[in-house]
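The values are calculated or read from the model by the stated rules, or taken from the named source; none is laboratory data. Quick caveat: nothing in here was measured; it's all calculated off a predicted structure. Heads up, the Cβs are rebuilt from the backbone with ideal geometry, glycines too, and the neighbour counts pull from every protein chain shown.
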Amino acid sequence: SEDLSKTAITDSKPPRSKNLDVLQEYRKSAAKRSSNFVVIGHVDAGKSTLMGRLLYDLKVVDQRTIEKYQREAAKIGKSSFAMAWVLDQGSEEREHGITIDIAMNKFETDKTVFMILDAPGHKDFVPNMIAGAAQADFAILVIDASTGSYESGLKGQTKEHAILVRSMGVQRLIVAVNKLDMVDWSQSRYDEITQQMEAFLTSAAGFQKSNISFVPCSGLKGDNITKPSTDCKWYTGPTLLNLLEAAEPTSQERALNGPLRLPVSQVFSSSTQFPLSVAGRITSGSIQVADPVITIPGGQQGYVKGIAVDDEPSDWAVAGQNTTIHLSADIDAKLIKGGDVLCSASMPISLRQVFIMKLLAFEHIMPMFCSIVVGRLDASARITRLLSILDKSTGKVASGRGKKPRVVKPNEAARVEITVDVEGGVPIEQGARIVLRADGETIATGVVEDAK
Ligand code: GDP
């Protein structure tokens, strides 16, 4: 790669702005919405199979590949794994039959480009799921409806995962009541599970009822995934795919109106015309060519020379899109790095040294050293005050030892004060999803609460 420090081109004048109403442009454009989701649930609930089926039905994988997987799977006596392999092509994970990493997979419909941040159900793999949840617009909770399995899932990771994604600020949940083929598509079994889960999700996990949807399905057989089931005669509602398409707009519409925030994932040099480019997914707001921008924490100001969305040149970009921004030479490449945030020059993100967050504890929490992980940013910090223990369903201060606790126990929700040990603070604002780590372990996850 080029040595960026030597490309000392100074841009004389910014290009003329077309002064587009970007949101208007976006709404009338054929640009697809982009949506990230995470798949959660107990081990063996059928998560990989379900996603494999979705990719297969949407022709992301072809018949020949599937047949190859089927032959390989049959050879080792696990023919039912073929569909799940679609998700983790070519990895050694096949030998265990479980998905280990967050496999990234994309598929698209007429309206939306979806990114699956796959989250496996094995107990040790919770850290991966957290990484996925931090980027997710919504979650799919897969439940094994077969006899005994639903019940053991409840004791296992079904509830744990639901609470965890909620604690990370994920509001929308699609519950796939899976493997119904194994109980003869029993409507009473489905009703029993949906009633119990709805009660749990709205009370203990704190989801709003209107943000939860259920679908009876079989990932293995392909019922109600992209096509209505012929075996499940009593159900006439939306398929899983219908629910995916309906799940996306709310969070994105909200993000569009905010000020520009582009957490930088890469800094590079595109060409002599564009010696400094940054790439990342815009989390809030919109941008167009000639807009003045500022890098945080660097505080360097410049303007936008060019934009590419999903590698195609564009006059503009909006929240949710994967974007490359070509920057003017006023900005020094040496002073910008992954984890920084590109902002609108008039409304930059603030740098915070102290903030309040709402968290879900995995370990005992008390005033202590830790590190905070926010997207690509990883900073030393301290938990400086324990403010209250919260009731998980209402989010209000719990009765009893709720106020000024001396310790937060595992599985408790709490409000705490964090002090960052970085001079000048770190770019953080309300709603940011945060992971707290200590001694290489995740000790809590949560969301920033205070606005300023
Ligand atoms: P994961 O651990 O949640 O990713 O689960 P897998 O997708 O690996 O599935 C676990 C097992 O359940 C495999 O043997 C699958 O073939 C089987 N399975 C998954 N979905 C279904 C389904 O809808 N019906 C039936 N009968 N079996 C399924």
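The table that follows gives values for the structure above.
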item: Sole residue being buried (at least 20 other Cβ atoms within 10 Å of the Cβ) and either of a type in the set (Asp, Glu) or under 23 Å from Pro259 (Cβ atoms) (or both), chosen from Gly339, Gly375; result: Gly375
item: Within the stretch 45-99, tally of residues that are within 12 Å of the ligand (Cβ to nearest atom) and at pLDDT below 75; result: 18
item: Of all residues in the stretch 188-232 being touching a strand residue (DSSP E or B) at 6+ places or on another chain (Cβ under 7 Å) and of a type in the set (S, T, N, Q), the one that is farthest from Gly46 (Cα to Cα); result: Asn211
item: Residue list for the stretch 321-379, filter: in a loop (DSSP other than H, G, I, E, B), of a type in the set (Val, Ile, Thr) and touching a Ser or Thr at 6+ places or on another chain (Cβ under 7 Å); result: Ile331, Ile336
item: Residue in the stretch 170-190 that is within 11 Å of the ligand (Cβ to nearest atom), buried (at least 17 other Cβ atoms within 10 Å of the Cβ) and within 22 Å of the chain's Cα centre (by Cα) present; result: yes
item: The stretch 45-60 residues that are free of Cβ contacts under 8 Å to residues at least 40 places away in the same chain, paired with ones that are of a type in the set (Phe, Trp, Tyr) (beta carbon under 8 Å, 6 or more apart); result: none
item: Asp439 vs. criteria without any contact (Cβ under 8 Å) to a residue 40 or more places away in the chain, farther than 26 Å from Ala131 by Cβ and within 25 Å of the chain's Cα centre (by Cα); result: no
item: Those residues of the stretch 9-44 which are within 16 Å of the ligand (Cβ to nearest atom) and either touching a Lys or Arg at 6+ places or on another chain (Cβ under 6 Å) or within 27 Å of Ala290 (Cα to Cα) (or both), in sequence order; result: Val39, Gly41
item: Selection from the stretch 292-334 of residues that are over 28 Å from the mean Cα position of the chain (by Cα) and of a type outside the set (Ser, Thr, Tyr); result: Pro292, Gln300, Gln301, Gly302, Lys305, Ala329, Asp330, Ile331, Asp332, Ala333, Lys334
item: When residues of the stretch 199-252 are limited to those that are touching a helix residue (DSSP H, G or I) at 6+ places or on another chain (Cβ under 8 Å) and charged (D, E, K, R), the one surrounded by the most Cβ atoms within 10 Å (Cβ to Cβ); result: Asp223
item: Any hit, the stretch 386-399, residues being surrounded by 17 or more Cβ atoms within 10 Å (Cβ to Cβ), over 27 Å from the mean Cα position of the chain (by Cα) and not aliphatic (A, V, I, L, M); result: yes
item: Residue under evaluation Gly395, criteria (1) over 30 Å from Val278 (Cβ atoms); (2) part of a strand (DSSP E or B); (3) out of contact with any Pro (no Cβ under 6 Å at 6 or more places or on another chain), criterion not met; result: (2)
item: Criterion violated by Glu245 - all others in (1) under 18 Å from the mean Cα position of the chain (by Cα); (2) assigned to a strand (DSSP E or B) satisfied; result: (2)
item: Filter result (in a loop (DSSP other than H, G, I, E, B), crowded, with 19+ Cβ neighbours inside 10 Å and under 24 Å from the mean Cα position of the chain (by Cα)) within the stretch 269-291; result: Ile282, Gly285
